[in-house]
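The values are calculated or read from the model by the stated rules, or taken from the named source; none is laboratory data. Computed from a prediction, not measured in an experiment: that's the story for all the values here. Glycine gets a Cβ as well: all are built from the backbone with ideal geometry, and neighbour counts include every protein chain shown. The accessibility values were calculated without ligands, DNA or RNA, using every heavy atom of the protein model including side chains. Shrake-Rupley method; radii C 1.70, N 1.55, O 1.52, S 1.80 Å.
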Amino acid sequence: MIEGAGPVAAFWGLSVLTLAAAGGVIVSRNLFHAVLFLILVFLGIAGFFLLLSADFLAMAQIIIYVGAIAVLILFAIVLTPRASRDNGETRMAPAALVVAIGVAGLLIPAIADTDWRTLASAPALPLADLGRELLGTWVLPFQLASVLLTAALVGAVMLVRSPREEQEELEEEERR
Amino acid sequence: MTEIRSEPFVVNIGPQHPSTHGVFRIKVTVDGERVIDAEMVMGYLHRSMEKLAEERTYTQNIPFTDRTDYLSSMSNNLGYCLAVEKLAGIEVPPRGNAIRVIMAELQRLASHCMAIGAFANDTGAWQTPVMWTFREREKILDLFEMTSGARLTCNYMRIGGVAFDLPKEFEPACRKLLATFPSFIDELHGLLSENEIFIARTRGIGVISAEQAINASLSGPMLRGSGVAWDIRKADPYCGYEQYDFDIPIGYNGDSYDRFIVRLEEMRQSVRIIEQALDGLPGGPYRTEVPLALRPPKGEAYARIEGPRGELGYYVVSDGGPSPFRFHIRPPSFINLSLLKEMTVGGTVADAIVVLGSVDIVVGEIDR
Amino acid sequence: MSAILLATEHWWDLRDLSNISREILDFLRDVGPDWLAYVVSPLIGFVAAFLIFVLPSQLFVGVYGERRLIGRMQSRLGPNRVGKFGLLQPIADAIKLMQKEAITPRGADKWVMWAAPVVFVAPAVLVWAVIPFGPNMVIADIPVGLVYYLAVAALPVLAAFVAGWSSNNKYSLFGAMRVVAMAISYEVALVLGLLGVVLFTSTLSLQGIVEWQRAHDIWLVFLQPLAFIIYFISASAELNRTPTDIAEAESEIVAGYLTEYSGMKWGLFYGMDIGYALAAAAFGSTVFLGGWSFFGLEKWVPPWLILVAKTHLFYFVFIWTRGTLPRLRIDQLMALAWKYMLPLAALNLLVVAAERLWWHEAELGDGIVYLFAAANIALALLLLVGWARVLGYRPERVPTRPRLVKQAGGYVPPGAELGGGR
């Protein structure tokens, strides 16, 4: 943890920004604006990572969440028909409220009861150690994740091919 | 697997184009990136020239022909004068013919400069080739200004010959141009013809087979690009073309790249013709005297020339009066465009632009 | 650190600009509270990096140089009226754009449309925080500088998409989607290429990469030419520059995601085209061309001048390809990224990893890098040509001259033209 007035101010600023953006996600009527607020939330979380001296995680957060996942969600919104883009009243509102209260009821006592303590000297995890752990101790989950992603990629390509294109490709193969 | 529904939607290319082909509109229906239908809408530049020509005398109609295909005005004038001369039975002196040939071939050079530049622009070469070809075109336009007084709409040919004789500065200036032009064509060859990206953009795009081309009565580089050896200067010579020695370039497959290299080579052949014409320029009168209000005998005549874009034909019907009874232009661009749908369907929109560039249209003569 | 440079510690010695900033900060620490120096130091860095290096580069080399150079390539003069030699042309352009009315279409999303150019400016400004201009001259020497560049490079893609969406225009949306598709394709190749670089330098910080190149007396472009070529093409694609500028020059013939932008908003997009190109050029110079080091020349010449010269050289190559090459189609670009560059980058990674493993396991000396460099250059040339052949690309079979016949006749099938006639 870095001491000083700067990080404290940064912490409070980031908290306000992130919480306001999260509120914006829920409150905004236009689904597109909701996603833009979500991007702000991601950026805020990247800022939090920076405060905790996890520099690589912050950059990875931006590259992965903002650069890829947010774009994915935006594309999904582009492809939804106009009628379902309203983020307003839904029939699920009471159910969502119940679930939210339940989760809050779980988390708030848990947070309150925990003995939060800052370690006196917590070393920032150097990037080399992170890499060694990921490719050493945890190599199996790492490879499983990459297999999963490859399967998703291939599946997406298969889903998008129209029957006409498949027909054309079969004909090309026969011709060759 | 369920099929993901995608809707085709209509994209309007034009009438305001970034690629300078004039006021012309294509309604393209795309499905994703592929074109599935293309419909042309013409008429934005219609000026009813054919009707207006019926009110004016034969000589007064010559400036009209300038403005149909404004990029090859000398050739237009030539075609019209040939039609009227055929109708009235007027002979042109040999010096007049030679000057006509020089001007027509110079005009072919200028028009192809513009066509090649605009075509390269359509493929995205960001105006470098346009600037180079326009630099050469400026020299040709200077020559036109020297002889006829105008750069673009020359109004130089007259019924029975040409309007003015060649000034004495013309020949040295023309020879200077001819000396440097082949090296400029080589430069363009190196910049474009052998450029991998250019070939990738134009090869196999807009293919027309020879049979399709003949059936649709295409002409000019469109026809020759598909491998059909047909050039009116050889098949049906006019103005003494049979005395000059030149070749006709023809392509291989009929795609846009073939049309491009055919145009490039035609420029080389035009330089040959101009050199021969200048060398053998006869003396004597440059024009037969023709009355101002010419009254050709009743009848009809069709004369055709090999314009830069193809077969440019003029059909003139006379009823004995000072004005033509019917005056019709057979524009090469209009006929060449009839296969646009076949050429663009199946490709992408970017390909449609490249195909349109390779057809080399001038909307002035499509709409008249 | 001052042993490598002849620059002294005096504040007026301009060869090491950190002297000035150190004097200012020491002075502030003496007279003011602690936080004043803390706040002022990034400001000084900003002033130095942006106003002294970036903005003049952007104005002069960028807008002016690019237009003059491309003008000369097209055998015409560029802008030369405004100011002496036309040097004030960018100022005139900026003033013109600022007084133009920025029209917002009625159905468009006003705030989002306003925000998109603002986010688009981000990489052109933020990247300069991590570029080292000298041994002591870097605003923020973070240990993950390379990844920082990648993170910042993800932002303009988002901005372009948001710009296209919020314009409420079918064709803008199309153009925006094309931009995103292209950018994410080339980002993969870019990251893999840069990974090869990191394998050798064992550090992600840009200062560390420059130090590695200086210590081993070799530039990474010679050691990894394939990675450099991949970086050049991918950066060109991310920047939407010709020959890969489908996004702004052709999408359905209008200007793609920029269509509905006018006035200074468009000016920002256009200006950042150049600014981001300069940032990418600076990053490329740092990682591949040795940054502020030049095999020992940095002792006499100020290192920041060396870096600026290399950036401009890199940027000149960008301008050169823009003025000469035609544009590729979108499907050709996608094929290039996924079928050609991605396998090449992966192969590069494999080779580089093997080399590094051998280097460190066998405890070979530092001189082995020259052997690696020669081997890599040969391998790069082999792979570039060979992989294209494997993919089925045959460049030489295209006849570039038409056939010539003497007589007019009918159809002449290819191969039967000698003699012509029917």
Given labels modelled 7 Å from the Cα in the Cβ direction, how far is it in nm from residue C:47 to residue C:334?
5.1
Order C:105-115, B:79-89 from most to least packed using the mean count of other Cβ atoms within 10 Å.
B:79-89, C:105-115
7 Å from Cα along Cα→Cβ at both residue A:145 and residue B:326: what's the point-to-point distance in nm?
8.0
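Are there chymotrypsin sites (Phe, Trp or Tyr not before Pro) in the stretch C:322-404 that DSSP puts in a loop and that have at most 16 other Cβ atoms within 10 Å, and which ones?
Here the sparse-neighbourhood loop sites are C:393.
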At what distance in nm do the modelled label points of residue A:108 and residue A:5 sit from each other, each positioned 7 Å from its Cα along Cα→Cβ?
3.4
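Tell me the net charge near residue B:37. Cut-off is 12 Å between Cβ atoms, residue B:37 excluded, with +1 for each Lys or Arg and -1 for each Asp or Glu.
Once positives and negatives cancel, what remains is 0.
Take the Cβ-Cβ distance between residue B:211 and residue A:27 as r, set R0 to 60 Å, and report the resulting FRET efficiency rounded to the nearest 0.05.
0.35
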If the cut-off is 18 Å between C-alpha atoms, which lysines fall inside it for residue C:299, apart from same-chain ones fewer than 8 positions away?
C:310
How about the stretch B:22-83: which GluC sites (Glu not before Pro) there lie in a loop by DSSP and see at most 12 other Cβ atoms within 10 Å?
B:55
Protein accessible area in the stretch C:2-392, 1.4 Å probe - carbon and sulfur %:
71
For B:246-259, what's the mean count of beta carbons from other chains sitting within 10 Å of each residue's beta carbon?
4
Between C and B, buried accessible area summed over both sides at probe 1.4 Å, in Å² to the nearest 100?
4400
Counting heavy atoms of the protein chains only and a 1.4 Å probe, report the per residue accessible area for the protein assembly as shown as a whole number of Å².
46
With a sphere of radius 15 Å drawn around the Cβ of residue A:71, what net charge do the other residues whose Cβ falls strictly inside it have (Lys, Arg +1; Asp, Glu -1)?
-1
So if each residue of separation counts as 0.36 nm, and I subtract the Cα-Cα distance between residue C:103 and residue C:354, what length gain in nm does that give?
84.7 nm
Using 25 Å as the Cα-Cα cut-off, could you pick out the over-long pairs in B:176/C:406; B:139/B:168; B:139/C:84; C:170/C:265?
B:176/C:406; B:139/C:84
Going by amide H atoms built from the backbone, whose H comes under 5 Å of the H on residue B:158, apart from near neighbours?
B:163
Given +1 on the Cβ of Lys and Arg, -1 on the Cβ of Asp and Glu, and no further charges, what dipole in debye does chain B carry about its Cα centre, rounded to the nearest 20?
860
Does anything in the stretch B:326-356 have its amide N under 15 Å from the 7 Å Cα→Cβ label point of residue B:39, and if so which residues?
B:341
Quick calc, residue C:80 & residue B:289: beta-carbon distance into FRET formula, R0 45 Å, rounding 0.05, result 0.30
Sparse-neighbourhood loop sites, chymotrypsin sites (Phe, Trp or Tyr not before Pro) in the stretch B:279-368 - DSSP loop, at most 14 other Cβ within 10 angstrom
B:325
Counting only other chains, what is the mean number of Cβ atoms within 10 angstrom of the Cβ of each residue in peptide C:57-68?
0
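Ballpark to the nearest 100 Å², how much total accessible area do A and C bury together, probe 1.4 Å? Write out the running numbers ahead of the final one.
On the way: alone 14000 and 21630 Å², together 33780 Å².
Chains A and C together bury roughly 1800 Å² of accessible area.
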Between the stretch B:221-239 and the stretch B:268-300, how many Å separate their Cα centres?
21
Under the Karplus relation with 6.51, -1.76 and 1.60 and θ = phi - 60°, whole-Hz ³J(HN,Hα) for the stretch B:341-352, x at Gly and Pro, equal 5, 4, 6, 9, 5, x, x, 9, 5, 4, 5, 4
Using a 1.4 Å probe, how large is the accessible area of residue C:295, given in Å² and rounded to the nearest 10?
110
Considering only C-alpha atoms, what is the centroid distance from the stretch C:29-67 to the stretch B:158-189, in Å?
59
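Please work out the FRET efficiency for the pair residue B:152 and residue B:9, using the Cβ-Cβ distance as r and a Förster radius of 22 Å; give the result to the nearest 0.05.
In this case the efficiency is close to 0.05.
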